[in-house]
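The values are calculated or read from the model by the stated rules, or taken from the named source; none is laboratory data. On a predicted model such as this, the values are computed, not experimentally measured, just so you know. All Cβ positions, even for glycine, are placed from backbone atoms using ideal geometry, and neighbour counts span all protein chains on display.
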Amino acid sequence: MDRRSFLSAWLSLPAGLAAASPYPAVRRGTPLRFPRDHGAHSEFRTEWWYVTGWVHDTEGREMGVQVTFFRNRPGLQDANPSNFAPRQLLFAHAALADPRHGTLLHDQRAARAGFGLAQSSEGDTAVFIDDWSLRRRGDSYVARIDSQEFELELEFVAGQPILLQGDQGWSQKGPEPAQASYYYSRPQLAVSGIVRVGAETGTVSGTAWLDHEWSSEIMADAAVGWDWVGINLADGGALMAFRMRTHQGGAHWAAATMREASGRVRTFGPSAIEFASVRRWRSPRTGAEYPVSVRVRVGEFRVDLTPLMDDQELDARASTGTIYWEGAVRAVRDGQQVGTGYLELTGYWRPLRL
């Protein structure tokens with residue numbers, strides 16, 4: 001069975017079969033410990049390291065970059081002593097949003113862990129699939145992506161403390177306490193490096209955001225997907241907000257965290273958060289319609305999100321089995337740009353099932 005056939009077969013398994021092996025619970029009050037929690041948590045069901053950012057080249061042209069590594073424990077053959085047993089699966093997505101091209105340039109990887117071909121370290125952030133990698137080195141992260149259409153060699157340097165999401169890193173995703181993840185962010189990362197597209201190579205710099213999240217819970221049946229945004233504010237602050245979306249388009253759950261320029265951190269519950277569509281875009285390839293321009297309210301803070309370009313749809317059916325919109329957006333308030341970030345829209349093509 002080849003790699004794609006294996007992954008397709010696993011992704012189509014009934015939820016009950018995929019959950020045959022027990023996973024540890026996400027418990028409120030469990031302190032996150034670093035550097036250990038920068039690394040993989042292989043006993044949990046799902047995990048991801050998500051880096052998104054805005055960069056510009058020496059001529060001032062703006063681009064969006066995304067590098068994501070996912071780890072999954074299927075729980076099917078944990079007791080199988082064979083090295084070929086798929087105890088851990090790794091996926092990766094990489095994308096470049098360049099308005100000069102008009103559509104998103106993206107690629108993906110998928111592999112079972114092992115054999116020196118794919119691995120996620122438990123001691124620190126060090127995950128790779130073939131020649132794609134993301135590694136932490138002190139206060140910085142280094143990403144290397146070599147795709148047929150583009151290449152990324154980027155360093156992301158942290159200049160601020162870790163931002164724990166939710167209640168000290170325990171992030172609730174639904175009304176039940178069990179519906180939660182461990183979650184922290186690294187906003188305001190300073191980016192530098194090289195972006196290559198075809199024969200053209202350019203030096204870039206900018207600002208990025210990293211999320212690291214792990215959980216054992218699958219998404220609630222009442223939710224079809226989520227809207228998520230991470231914004232690096234121009235004053236040095238940071239805002240993360242999300243809502244788990246229902247079949248009717250409302251919020252099953254929502255939460256947000258804001259770190260002000262002063263360093264003060266505030267968290268918000270469902271009643272304080274709104275996502276309102278301002279403008280929608282329909283994909284000419286899939287027919288999925290996404291709210292690519294959104295007005296977000298978090299408490300008294302309101303901001304309009306406008307995309308760097310409309311077509312930032314990522315087809316990941318060959319790896320994680322879904323299609324979603326992951327796009328670079330400007331944050332605008334009272335007609336003035338107050339930040340840049342990324343907006344993620346899942347479950348608009350089909351209901352998302354983790």
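Just to be sure I understand the filter: pairs with C-beta atoms under 9 Å, separated by 6 or more residues or on different chains, first member in the stretch 127-146 and touching a residue at least 60 places away in the same chain (Cβ under 8 Å), second member of a type in the set (Val, Ile, Thr) and outside any strand (DSSP E or B). Which pairs pass?
From residues that are touching a residue at least 60 places away in the same chain (Cβ under 8 Å), the pairs are Leu134/Thr125; Arg136/Thr125; Tyr141/Thr125.
Select from the stretch 127-139 the residues that are surrounded by fewer than 19 Cβ atoms within 10 Å (Cβ to Cβ) and under 18 Å from the mean Cα position of the chain (by Cα) and list them in ascending order. Walk me through how you get there before you give the answer.
Taking the stretch 127-139 as the starting set, the residues that turn out to be surrounded by fewer than 19 Cβ atoms within 10 Å (Cβ to Cβ) are 130-131, 133, 135, 137-139.
Hits for the stretch 127-139 are Ser133, Arg135.
List every residue pair whose Cβ atoms lie under 7 Å apart, where the two residues are 6 or more positions apart in sequence or sit on different chains, the first residue falls within the stretch 258-285 and is touching a residue at least 24 places away in the same chain (Cβ under 8 Å) and within 30 Å of Thr322 (Cα to Cα), and the second residue, located anywhere, is surrounded by 12 or more Cβ atoms within 10 Å (Cβ to Cβ) and hydroxyl-bearing (Ser, Thr, Tyr).
Here the result reads Val278/Ser293; Trp281/Tyr290, each pair linking the stretch 258-285 to a residue that is surrounded by 12 or more Cβ atoms within 10 Å (Cβ to Cβ) and hydroxyl-bearing (Ser, Thr, Tyr).
Is it the case, given these coordinates, that Gly225 is buried (at least 22 other Cβ atoms within 10 Å of the Cβ), within 30 Å of Pro22 (Cβ to Cβ) and among the small types (Gly, Ala, Ser)?
Values: buried (at least 22 other Cβ atoms within 10 Å of the Cβ): yes; within 30 Å of Pro22 (Cβ to Cβ): yes; among the small types (Gly, Ala, Ser): yes.
The answer is yes for Gly225.
Looking at the stretch 287-302, is at least one residue of a type in the set (A, V, I, L, M) and either modelled with pLDDT under 95 or within 26 Å of Ser205 (Cα to Cα) (or both)?
yes
Quick check, is Leu210 crowded, with 22+ Cβ neighbours inside 10 Å, within 19 Å of Leu32 (Cβ to Cβ), touching a Phe, Trp or Tyr at 6+ places or on another chain (Cβ under 8 Å) and touching a residue at least 40 places away in the same chain (Cβ under 8 Å)?
Yes, satisfied.
If I go through the stretch 287-321 residue by residue, how many of them are among the charged types (D, E, K, R) and closer than 30 Å to Leu90 by Cβ?
4
List, please: which pairs have Cβ atoms under 9 Å, are six or more places apart or on different chains, and start with a residue in the stretch 81-99 that is over 30 Å from Arg61 (Cα atoms) and outside any strand (DSSP E or B) and end with one that is at pLDDT below 95 and of a type in the set (Asp, Glu)?
Pairs that qualify, where the first residue is over 30 Å from Arg61 (Cα atoms) and outside any strand (DSSP E or B) and the partner is at pLDDT below 95 and of a type in the set (Asp, Glu), are Ala85/Asp78; Arg87/Asp78.
Looking at Ile194 and the list (1) surrounded by fewer than 16 Cβ atoms within 10 Å (Cβ to Cβ); (2) in contact (Cβ under 8 Å) with a residue 40 or more places away in the chain; (3) in a loop (DSSP other than H, G, I, E, B), which single condition is not satisfied?
All conditions pass for Ile194, except number (3).
Got at least one residue in the stretch 283-293 being surrounded by 16 or more Cβ atoms within 10 Å (Cβ to Cβ) and charged (D, E, K, R)? Break it down into steps so the answer makes sense when it comes.
If we filter the stretch 283-293 for residues that are surrounded by 16 or more Cβ atoms within 10 Å (Cβ to Cβ), which is where we start, we get 283, 288, 290-293.
Of the ones still in play, those that are also charged (D, E, K, R) are none.
No, that holds for no residue.
Tally the residues that are at pLDDT 95 or above and out of contact with any strand residue (DSSP E or B) (no Cβ under 9 Å at 6 or more places or on another chain), restricting the search to the stretch 162-213.
The total comes to 1.
So which residues in the stretch 21-43 are buried (at least 16 other Cβ atoms within 10 Å of the Cβ) and in a helix (DSSP H, G or I)?
Asp37, His38
Quick check on this structure: which one of Arg36, Arg28, Arg100 is of a type in the set (D, E, K, R) and at pLDDT below 95? Give the derivation first.
On the way: Arg36 fails: at pLDDT below 95; Arg28 fails: at pLDDT below 95.
Unique residue meeting the criteria: Arg100.
When the stretch 92-118 is examined, which residues are found to be more than 17 Å from the chain's Cα centre (by Cα), surrounded by 19 or more Cβ atoms within 10 Å (Cβ to Cβ) and not charged (D, E, K, R)?
Once the filter is applied, which keeps residues that are more than 17 Å from the chain's Cα centre (by Cα), surrounded by 19 or more Cβ atoms within 10 Å (Cβ to Cβ) and not charged (D, E, K, R), the stretch 92-118 yields Ala111, Ala113, Ala118.
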